[in-house]
Amino acid sequence: MAKFKYKFNPTTLNFEKISLSVRDYLVVALRYLLAGGVIGGIGVVLYASFFKDPETARLDREIKYLRNQLEDLNNEIDTLEVLAVDLQDKDDNVYRSIFGADPYPEHLRRGGVGGSDRYKNLKGYESSDGIIETKKRIGRLQRMLVAQSKSYREVFDLASAQKEMLQSIPAIQPVSNKDLRRIASGFGMRIHPIYKLSKMHTGLDFTADIGTEIYATGDGVIEAVDSKLSGYGHHVIIQHGYGYETLYAHMSKVTVRTGEKVKRGQVIGYVGNTGTSTGPHLHYEVIKNGVKVDPAFYFYNDITPEQYEDLLQRAANANQSFD
């Protein structure tokens, strides 16, 4: 830097030599430093913008990747939520309604999350809000699926019970249906064969040869095996559950014992002529919730609709019972 500088004097119209002081030197140096700092800062910014160091570039790629993954995860949760709602709708309006069950309680489907802030450790970061919201959605979906699993378990139990009930309800004829003409007397007021009085006949009479097989009409447990000289004679009572019992009377031989479990179609004895009976036949009764009902209404499992109509006609036309 020169030790002197020249300054124009407007009075003399000449350039006059001026000596520089230390202060002048400091001012000039400061100006150079300031300019250099500004230019250097701009350079650093430009370099950082266009020329990142490898570690920064790697972290930027990682952040972008994680954001894309978070977005994809939320899209998948959207799909799963739609499927979960569809399962709930079918469960409440189809599966549970088939078995007469009420919809699964909504408060159990939603579930509850107690305790303090479960997402406290996720706060304080730039991506905290997005991650916390995703975690909440996953939690809701998990609770929905747990509730759905419990509901399906109930539906499965209902289906199992329904299957057991359908097997237990009396639904076949107690003797072979090869010859429906065997029905001699139906349910209702009939002339008693001995007393010749009109009397309520509480079952159906099937005429058959002595020794003809008699079948349990539904799954159940043998409630009673009894023998009498009058009345029902040798007879069996089966407890089917669900409010149903059946009675088989005037048997020649019983092949089951009290407390034994039996299946629909299992032979429990043979047609006879014991007790108050005027000829070989089976007297069959169905009891529902303690009330004797028409057994003809329970033969829907092993005969055609045409045969069923014929059966009802024959049962209704019989005027005199066999017992």
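Each value in this text was obtained by applying a stated rule to the coordinates, not by laboratory testing. The structure presented is a predicted model; accordingly, all values stated were derived computationally and were not measured. Every residue, glycine among them, receives a Cβ derived from its backbone with ideal geometry; neighbour counts consider all protein chains shown.
For 278, 255, 56, the sequence from fewest to most other C-beta atoms within 10 Å is 56, 278, 255.
With just the Cα atoms defining each centre, how far is the range 260-276 from the range 141-155? Give it in Å. If we compute the Cα centre of each part, the gap is 46 Å. By the count of other C-beta atoms within 10 Å, a proxy for reagent exposure, 144, 165 are ordered fewest to most as 165, 144. Given the pairs 64/135; 64/136; 120/150; 163/228; 90/288; 64/123, which are separated by over 25 angstrom at their Cα positions? From 64/135; 64/136; 120/150; 163/228; 90/288; 64/123, over 25 Å: 120/150; 163/228; 90/288. Geometric descriptor of the range 54-168, per residue, is 121 Å³ (volume of the convex hull of the Cα atoms). Among 156, 206, the order by Cβ neighbours within 10 angstrom, fewest to most, reads 156, 206.
Peptides 281-291, 29-39, 122-132 ranked from most to least packed give 281-291, 122-132, 29-39, packing being the mean of other C-beta atoms within 10 angstrom over each peptide's residues.
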